[in-house]
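The values are calculated or read from the model by the stated rules, or taken from the named source; none is laboratory data. Since the structure is predicted, the reported quantities are computational estimates derived from the model, not experimental observations. Ideal geometry is used to build each Cβ from the backbone, glycine not excepted, and the neighbour counts take in all protein chains shown.
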Amino acid sequence: MQDILVILISSILINNLVLTEFFGLSSLFGSPQKIEPVIGLSLATILLITLATIANFAVDRLILQPFDLEYLRTLAFVVTIGAVIPAAKKIGRVTSPVIDNSLTLFMPLIFSNTAVLGISLIIINKNISFIESMFAGISIGIGFSLILIMFTLLRERAALADVPRPFQGAAIGLVTAGLMSLGFMGLIGI
Amino acid sequence: MPVVKSNPMNSPQLGGAVSKIQMVLLALMPALSIMTYQFGFGTAINILIAVTTATVSESIILALRKRPIKVHLNDLSSVLTAVLLGLALPPLAPWWLVVIASLSSIVIAKQLYGNTGVGLFNPAMVGYAVVLLSFPLEMSVWVIPVSVLVEGINHPNIFESFSIVFGMSNSVDGITGATPLDAFKQSSGLLVDQIYQTKTVFSSATLAGVGWEVVNMAFLFGGIFLLQARIFSWHAPLAMMTTISILAMLFWDGGSSVSAGSPLMHLLSGGTMMGAFFIITDPSTSVKTNNAKLVYGALIGLFIFVIRAWGDYPDAVAFGVLLGNCAAPLIDFLSKNTTKISMETSDAE
């Protein structure tokens, strides 16, 4: 239990994949700039990451490793994530219309979120148990969502500012993300 | 499109003759003088270099953007940022360090976001974090306070200080040492009492390091003066200091070797008081409602304590403030929406 808590806190705050290892950046910068769709987007991302992590873990343990097919890992994971999407949609339809809408609208953004593939590859390297990998998936989802929500709100504030014309739009977004990670650099070493 | 404001920054107390920023600069005077007394001319030189760089870079960028230079320079906001930065950086730091810090704070954190009014991150803290991460060695060299200096060694006079800062001489040996927070971070094998006895910066058995206490008290007085003049509200500073004290008390295990230090030590050393009264109260990077300010101050206090106790950096005010700035829009958003939700539910009842 303590391990799980450690994984949760460290992945969400300290070793946040988005800011320290540049995962998920395409989805971060491609996301809509209003907060309401972003909340749905982040819930959908958490759902997909969790399901994808579980599925990839299973695929790796049951299919790839016994048959010595590790070199197919990346390809297999991408295919698995694609296969998990209808399952995520079904769950979304059953549980909440917000998630369902977000999944349909933002499917490219969520699917190609490199954090989804990235966390699966990372947990394989770390050789951890099933429950811990599931929690790693959830915490990466939460970490990404936290960064995404903070980033969107910061962007909304920046939109009110008198930003120089060459920097408006994407550039000031990049600068903002850089300054955010400047702050998070203080948390390393904990 | 140049915006002409009708000066919303006037202080209510003095009939609008003195702006808020001028009051803040005034409140920094005691701290500035005490720091110069304790640490020598290095502090004053830092402030000089920072203010010059800030003003020049701001003028250049305003000219590039075809904005009125005099209006923006006269409101002294960049001067305030530069003074805070100069106070935060180590005295006798190389001149290029101060220039880089000042440039990153003014150009990146202030001008790129449109100069005044709507900033996202506190410029002084951005500048400090940039040089702390890029030049950790130069940033770890602090001057020993004058109260602790060994007999016969004096702080360099103004000419020697200039030559040290501009790299022409290297005679900093007898006058530099660790700060109290540094001492705590590096002596992981010693009990707290042993730290107080053996490290020279703690001589005379005071609470938070001789010299440093006085500096922080000076910032505290400046802060109280500003509170009394209603420049900012008490919520954020009080929340931050309370959180640091409570966490330090909770994790105080009687002075063992892994302890993080007593509450008073945390409050009176490093940049705590400066951060509490002069950094987190900056209106453009903070939150709007008073309740949100309590949360904001508490969050920053939490980050400061966590990084000081368990992170890699001895003084964490800059990182804590930056993390708080990241979270400030989120706190605003949540406080707006929880009031909406509670109003809706009470209407429905």
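Tabulated data for the structure shown
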| quantity | calculated |
| --- | --- |
| Residue match in segment A:106-113 (condition: under 20 Å from the mean Cα position of the chain (by Cα) and exposed (fewer than 15 other Cβ atoms within 10 Å of the Cβ)) | yes |
| Matching entry among B:L268, B:L294, B:L323 (being touching a residue at least 12 places away in the same chain (Cβ under 8 Å), closer than 18 Å to B:W212 by Cβ and either of a type in the set (A, V, I, L, M) or touching a Phe, Trp or Tyr at 6+ places or on another chain (Cβ under 6 Å) (or both)) | B:L268 |
| Single unsatisfied condition, A:K90 versus (1) surrounded by 15 or more Cβ atoms within 10 Å (Cβ to Cβ); (2) of a type in the set (K, R); (3) away from chain B (no Cβ under 14 Å) | (1) |
| Scan of segment A:79-119 for residues that are over 16 Å from A:S145 (Cβ atoms) and of a type in the set (S, T, N, Q), ordered by number | A:T80, A:T95, A:N101, A:T104, A:S112 |
| Exclusive hit being more than 23 Å from B:K20 (Cα to Cα) and crowded, with 23+ Cβ neighbours inside 10 Å, set B:G270, B:G297 | B:G270 |
| Conditions (1) buried (at least 24 other Cβ atoms within 10 Å of the Cβ); (2) at the interface with chain A (Cβ under 7 Å from one of its Cβ atoms): number failed by B:G114 | (1) |
| Residue match in segment A:150-164 (condition: among the aromatic types (F, W, Y) and over 30 Å from B:L120 (Cβ atoms)) | no |
| Odd one out for B:V126, checked against (1) within 14 Å of another protein chain (Cβ to nearest Cβ); (2) over 20 Å from B:A327 (Cα atoms) | (2) |
| Among the candidates A:I138, A:I119, residue that is touching a residue at least 12 places away in the same chain (Cβ under 8 Å), assigned to a helix (DSSP H, G or I) and more than 15 Å from A:F23 (Cβ to Cβ) | A:I138 |
| First in segment A:169-190 and over 17 Å from B:L112 (Cα atoms) and facing another protein chain (nearest Cβ under 9 Å), second anywhere and at pLDDT 85 or above and outside any helix (DSSP H, G or I), Cβ under 9 Å, 6 or more apart | A:G183/B:F121 |
| Segments classed as helices (runs of 4 or more DSSP H), wholly inside segment B:115-231, with at least 3 members that are at pLDDT 75 or above and over 28 Å from B:I100 (Cα atoms) | B:212-228 |
| Filter result for the condition that a residue is at pLDDT 85 or above and over 15 Å from the mean Cα position of the chain (by Cα), over A:P97, A:P86 | A:P86 |
| Residue that is surrounded by the most Cβ atoms within 10 Å (Cβ to Cβ) [pool: residues in segment B:303-323 that are facing chain A (nearest Cβ under 7 Å) and not in a helix (DSSP H, G or I)] | B:A316 |
| Check on A:L146, free of Cβ contacts under 8 Å to residues at least 40 places away in the same chain, within 14 Å of chain B (Cβ to nearest Cβ) and among the hydrophobic types (A, V, I, L, M, F, W, C) | no |
| Qualifying residue in segment B:78-85 (condition: in contact (Cβ under 8 Å) with a residue 60 or more places away in the chain, touching a Ser or Thr at 6+ places or on another chain (Cβ under 8 Å) and assigned by TED's automatic domain parsing to the domain that holds B:I34) | no |
| Any hit, segment A:32-50, residues being surrounded by 22 or more Cβ atoms within 10 Å (Cβ to Cβ) and over 30 Å from B:D332 (Cβ atoms) | no |
| Residue in segment A:102-112 that is in contact with a helix residue (DSSP H, G or I) (Cβ under 6 Å, 6 or more places away or on another chain), in contact (Cβ under 8 Å) with a residue 12 or more places away in the chain and over 24 Å from B:C326 (Cβ atoms) present | yes |
